[in-house]
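K.L.:
Let me begin by handing over the structure; questions about it come next.
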Amino acid sequence: MSNLLPIGHELARLREALAADGIGAVLLSEPASICYVSGFTVPLSIGAGGSFAGGPNIAGVSQSGSVLFVSASEAGPAGRDQTLDSLLVYNSFGGHLYPLDPADEYRAGLRQLLDMLLPIGARTVLGIEPRTFPAIALTYLTEHYPLVTLRDATA
């Protein structure tokens, strides 16, 4: 008899905890948390590749859906390994063929991620992991989502 839990058990446990704590959705930015909930092992962002990233990976979960948000350079491995409802990819490197601002691409993807998880125009509580939550995402949230209250989801 196997001691392995069925795929999705972690996601169900997270959703139960969110409901119990009154959190409408959560954005996970700790690599261990992303791996736990999605099955995707986040690579370390070092070397030349890290310089092109617009921001770190995020796993977003609400009662209605779940999304893994990664750069295009990680889309292949993420697509194979992750078990969430959706995979959202932002462009992080345009090469020599066209100009690209990875930060702008990250913000555009972040907006898509938030639109997938949060009720439009409603007050809601969004859990984050403050120790690793990216400043670019925090700035974007405070500027564009005034009805969202942020709460530490690490406890």
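Each reported figure results from applying straightforward, stated rules to the coordinates on display, with no laboratory input. Keep in mind that what you see is a predicted model, and the values were worked out from it rather than measured. No Cβ is skipped: glycine too gets one built from the backbone with ideal geometry, and neighbour counts run over all protein chains shown.
K.L.:
So between Y36 and D101, what do we pick up on full extension, going 0.36 nm a residue minus the alpha carbon distance?
P.N.:
20.4 nm
K.L.:
How long is the gain from A122 to S64 if the chain were fully straight, where each residue apart is worth 0.36 nm and the alpha carbon distance is subtracted?
P.N.:
Using 0.36 nm per residue and subtracting the Cα-Cα distance, I get 19.4 nm.
K.L.:
Taking the Cβ of Y145 as the centre, find all other residues whose Cβ is under 14 Å away and add up their charges (Lys, Arg: +1; Asp, Glu: -1).
P.N.:
+2
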